[in-house]
Amino acid sequence: MRELIAQGRWVDEVDVRHRLQGQSLLPSPDEYAPGELPSADAGFEPLPIYFDGRPGPVALTEREGAWEAFEISPEGDSRSLGIAVPPEDRPTLEPEAEELLSGYLRYWLARDAFLAAVVWEMTTVPGGDVLEVSLEQLHAIGSDVLARAAFRARLRGESGTRLTSSDAELGIRATDQDWLDRPTWGSRL
């Protein structure tokens with residue numbers, strides 16, 4: 001933190017939350033940039049997972065320009081659930097879906113672990129103050145949720161271009177765990 005203060009990049013956490021309170025935290029079409037998924041060649045450990053009522057978790061991986069979802073059995077085997085291309089452009093949200101995703105991003109902003117992860121990341125990445133990087137990270141979370149919601153809709157045979165609140169909820173479930181697992185200052189202690 002002292003390093004960020006010396007560099008003029010520090011903004012108090014209360015200030016960050018207050019200044020972002022009235023802003024839209026959703027990524028605009030220009031800010032939509034979902035993160036890349038790791039390849040399954042690296043094993044299961046780095047893959048984002050979620051639970052959807054199956055006996056085992058579902059993992060997501062990148063596969064030749066598309067994404068694949070597969071269920072991991074308790075024995076360690078896997079079974080493909082489908083492959084689909086994630087959306088290049090930001091999907092449209094129905095009003096209820098926009099409200100749900102906005103609330104989810106506000107929840108992230110309110111979490112102490114979120115700002116601790118932002119500060120941790122800033123120690124390794126140059127540029128931007130805490131406020132700017134926090135907004136970028138919220139847009140990244142929103143982008144991942146949107147892409148994964150659209151991907152899951154495509155696995156069901158839908159277009160994934162217009163998302164409902166149910167789609168947004170499934171996108172949140174497919175995203176939440178890997179964002180929770182990010183390192184923070186507490187990880188360093």
Legend entry - Karplus 3J(HN,Hα) series, Hz, for segment 53-61 with 6.51 cos²θ - 1.76 cosθ + 1.60 (x for Gly, Pro): x, 7, x, x, x, 9, 10, 10, 9
Legend entry - For W67, residues with placed amide H under 5 Å, excluding near neighbours: A84, V85
Inset, instruction - Note the full-extension length gain between D41 and A66 as 0.36 nm times their separation in residues minus their Cα-Cα distance, in nm to one decimal. - result: 7.5 nm
Legend entry - G35 long-range amide H proximity, modeled H, under 5 Å: D144
Inset, instruction - Just tell me the longest site-free run in the chain, where the sites are GluC sites (Glu not before Pro) in a DSSP loop having at most 15 other beta-carbon atoms within 10 Å. - result: 89-157
Legend entry - Per-residue ³J(HN,Hα) for segment 144-149, Karplus 6.51 cos²θ - 1.76 cosθ + 1.60, θ = phi - 60°, Hz, x for Gly and Pro: 5, 4, 4, 5, 6, 5
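Can you give the convex hull volume per residue for the Cα atoms of segment 40-84, as a whole number of Å³?
Taking only Cα atoms, segment 40-84 has a hull volume of 71 Å³ per residue.
In debye to the nearest 20, how big a dipole does the chain give about its Cα centre with +1 on each Lys and Arg Cβ and -1 on each Asp and Glu Cβ?
With only Lys, Arg, Asp and Glu charged at Cβ, the dipole is about 260 debye.
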Inset, instruction - Would you please report the Å³ per residue occupied by the convex hull of the alpha carbon atoms in segment 61-124? - result: 201
Legend entry - Separation in nanometres of the label points that stand 7 Å from Cα toward Cβ, at A113 and R19: 2.6
Legend entry - Dipole moment magnitude, nearest 20 debye, segment 40-84 about Cα centre, only Lys, Arg, Asp, Glu C-beta charged: 140
Legend entry - Residue-span extension gain [Q177 to T161] - 0.36 nm each, minus C-alpha spacing: 3.4 nm
Inset, instruction - Sum up the charges of everything whose Cβ sits under 14 Å from the Cβ of E68, counting Lys and Arg as +1 and Asp and Glu as -1, but leave E68 out. - result: 0
Inset, instruction - Quick one: which residues, 5 or more positions from S78 or on another chain, have an amide H under 5 Å from its amide H? H modelled 1.01 Å from N in the peptide plane, none for Pro or chain starts. - result: S73
Legend entry - Taking the convex hull of Cα positions in the chain, its mean projected area over all directions (nm²): 11.7
Inset, instruction - Would you kindly derive the ³J(HN,Hα) couplings of segment 83-92 from the backbone phi angles with the Karplus curve 6.51 cos²θ - 1.76 cosθ + 1.60 (θ = phi - 60°), listing them in order in whole Hz, with x for Gly and Pro? - result: 10, 8, 7, x, x, 6, 9, 4, x, 7
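Every read-out reported here was derived from the displayed coordinates using simple, explicitly stated rules and does not represent laboratory data. On a predicted model such as this, the values are computed, not experimentally measured, just so you know. With ideal geometry, Cβ positions are generated from the backbone for all residues, glycine too; neighbour counts draw on all protein chains shown.
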